[in-house]
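Notes to accompany the following structure.
The values are calculated or read from the model by the stated rules, or taken from the named source; none is laboratory data. Quick caveat, the model's predicted, so the values are computed rather than measured. All Cβ positions, glycine included, derive from the backbone under ideal geometry; neighbour counts span all protein chains shown. All accessible areas refer to the heavy atoms of the entire protein, side chains included, with ligands and DNA or RNA removed. Shrake-Rupley method; radii C 1.70, N 1.55, O 1.52, S 1.80 Å.
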Amino acid sequence: MKKYFQFEELGTNYRREIIGGLTTFLSMAYILIVNPLVLSLDSVPDLPDSMRMDAGAVFVATALAAAVGSIFMGLLAKYPIALAPGMGLNAFFAYTVVLTYGIPWETALTGVLFSGLIFIVLSLTGIRERIINAIPAELKYAVGAGIGLFIAFIGLRNAGIIVDNPATLVGLGDLSAGNTLLAIFGLFITVIFMARGIKGGIFYGMLLTAVVGMIFSLVDIPSSIIGKVPSVAPTFGVAFEPIFNDPGSLLTYPFLIVVLTFLFVDFFDTAGTLVSVANQAGLMKDNKLPRAGKALLADSLATVTGAVFGTSTTTSYIESSAGVAAGARTGFAAIVTGVLFLFALLFSPVLSVMTSAVTAPALIIVGVLMVSSLNKIEWNRFEIAVPAFLTIIAMPLTYSIATGIAIGFIFYPITMILSGNAKKVHPIMYGMFVVFVLYFVFVEGS
């Protein structure tokens, strides 16, 4: 085992790898609670049950996808990087695809499955890396920041801090309401944990907020902590149903855009995380990522696995950097994280106490972390600033990640051509321009 993971070459040992894997797990364990609530559209009242995914089944699917994905990454690529259903991608799945487009969640899962299968082909052929390189870095940063604002906006809305206002579209909510006060407390305590550098601060913040909610009767007290693992049957294999029962639903432009968006966002989530964490761990060689193909393949296999179990796109987590900071250097740490996700299946009763008010602070803080890429954009270049800004601002204001991406990718070639930089635009970007113009014509314009 030590030889396979190159413990001696990387200067590590079992103790450091186990502590690193545990630290990564605690840093990203919030996804076990947040993902089921997002995909079940828990914060949206008066929806028919047919539009909601079963929260218990999604909890199991989330844990299994994270476990399988992390173990794949550890064994195949040997990197200390864990995977789980991605924040932003789950919001796009629930709030844009299902709620806005009206696409059944079963069909949306098929879209995740297709994107994963396409990822496998692109990863094996090396095309995935070439496409990533064709997209300008500024747009990659803008997409990440825009998703951060979108997630934070959802958190503020779920907390009741931001509410609908007929005169101004949005406004400040009733800050004296019980659940809103609970969310504000959760935000403050999570900020304290994070500012103090406490590993797993987001996760601990949710737990403490839930306890305070129970003390003040804002959250129901669970009957137990450890319980029977919920059935995954309501979501397992559902991604295949539209293929056999309603193939026509997969031959539409909205479905194509859904698949492309899953592809696009996961492209940069994974690429950015791999490079960032590998740099931190000192694993980069000559500014290149060793075993990059295997890492991308592991990510692709995890997405397919997650879709089969019943969850949105599985991707690499930047929270893995917390494990690296704690000493992790090899894939053994990722395997430890994966095993801990399997163990977490026993704690499903905790889901009942994780209300929207409890999870809202986590969404806001994740948003804060994601907008850190703003400082990497060349704002002094107007031809770059325009598409980047429009990408960022459009996501929360249109309540759609896909729309933000589309607007940015349409304006980028235009501003580059008008500024005399047409030759610097990769041909793939011109192709994306056409795709997203058609998106507005046939999807948003319909």
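A few points about this structure:
- Within region 10-26, the set of residues being open to solvent by 50 Å² or more (accessible area, probe 1.4 Å) and assigned to a helix (DSSP H, G or I) comprises LEU10, TYR14, ARG15, ARG16, ILE18, ILE19, LEU22.
- Some residue of region 21-35 being touching a strand residue (DSSP E or B) at 6+ places or on another chain (Cβ under 7 Å) and among the polar types (S, T, N, Q): yes
- Number of residues in region 65-76 that are buried (at least 24 other Cβ atoms within 10 Å of the Cβ) and either of a type in the set (A, V, I, L, M) or in contact with a strand residue (DSSP E or B) (Cβ under 9 Å, 6 or more places away or on another chain) (or both) equals 7.
- Selection status of ILE184, modelled with pLDDT of 90 or more and under 30 Å from MET206 (Cα atoms): yes
- Cross-chain or 6+ apart pairs with Cβ under 7 Å, region 113-124 first and farther than 10 Å from LEU301 by Cβ, then surrounded by fewer than 22 Cβ atoms within 10 Å (Cβ to Cβ) and at pLDDT below 90: PHE114/VAL259; SER115/VAL259; SER115/LEU263; ILE118/LEU263; LEU124/LEU297
- In region 4-29, the residues that are among the basic types (Lys, Arg) reach residues that are not in a helix (DSSP H, G or I) with C-beta atoms within less than 9 angstrom, at least six apart or across chains, in these pairs: ARG15/GLY327; ARG16/ALA326; ARG16/GLY327; ARG16/ALA328; ARG16/ARG329.
- Some residue of region 344-358 being under 25 Å from ARG15 (Cα atoms), at pLDDT below 90, open to solvent by 40 Å² or more (accessible area, probe 1.4 Å) and part of a loop (DSSP other than H, G, I, E, B): no
- Looking only at residues in region 235-255 that are open to solvent by less than 60 Å² (accessible area, probe 1.4 Å) and under 23 Å from the mean Cα position of the chain (by Cα), the one that is nearest to THR311 (Cα to Cα) is THR235.
- Which numbered condition PHE72 misses (of (1) among the hydrophobic types (A, V, I, L, M, F, W, C); (2) within 20 Å of VAL259 (Cα to Cα); (3) touching a Leu at 6+ places or on another chain (Cβ under 6 Å)): (2)
- Evaluation of TYR79 against the conditions (1) under 24 Å from ALA233 (Cα atoms); (2) open to solvent by less than 10 Å² (accessible area, probe 1.4 Å) shows that the sole unmet condition is (1).
- Flag if ALA302 is open to solvent by less than 20 Å² (accessible area, probe 1.4 Å), modelled with pLDDT under 90 and within 18 Å of SER123 (Cβ to Cβ): no
- Just so you know, in region 108-158 the residues that are of a type in the set (Lys, Arg) and open to solvent by 60 Å² or more (accessible area, probe 1.4 Å) include one that is modelled with the highest pLDDT, and it is ARG157.
- Residues located in region 205-248, provided they are in a helix (DSSP H, G or I) and in contact with a Ser or Thr (Cβ under 6 Å, 6 or more places away or on another chain): GLY205, ALA239, PRO242
- Any chance SER316 is closer than 20 Å to LEU26 by Cα and open to solvent by less than 10 Å² (accessible area, probe 1.4 Å): yes
- Subset of region 319-335 (residues that are assigned to a loop (DSSP other than H, G, I, E, B) and surrounded by 24 or more Cβ atoms within 10 Å (Cβ to Cβ)): GLU319, ALA328, ARG329, THR330
- A count restricted to region 27-54 and to residues that are surrounded by fewer than 22 Cβ atoms within 10 Å (Cβ to Cβ) and outside any loop (DSSP other than H, G, I, E, B) stands at 3.
- In this entry, ASP174 is excluded by the filter for residues that are within 30 Å of ASP49 (Cβ to Cβ), charged (D, E, K, R), part of a loop (DSSP other than H, G, I, E, B) and in contact (Cβ under 8 Å) with a residue 40 or more places away in the chain.
- Residues of region 55-64 classified as open to solvent by less than 10 Å² (accessible area, probe 1.4 Å) and more than 18 Å from the chain's Cα centre (by Cα), total: 1
- The set of residues from region 95-120 being outside any helix (DSSP H, G or I) and over 18 Å from PRO36 (Cα atoms) comprises TYR101, GLY102, ILE103.
- Hits in region 374-412 - residues which are over 16 Å from LYS140 (Cβ atoms), of a type outside the set (A, V, I, L, M, F, W, C) and more than 25 Å from the chain's Cα centre (by Cα): ASN380, GLU383
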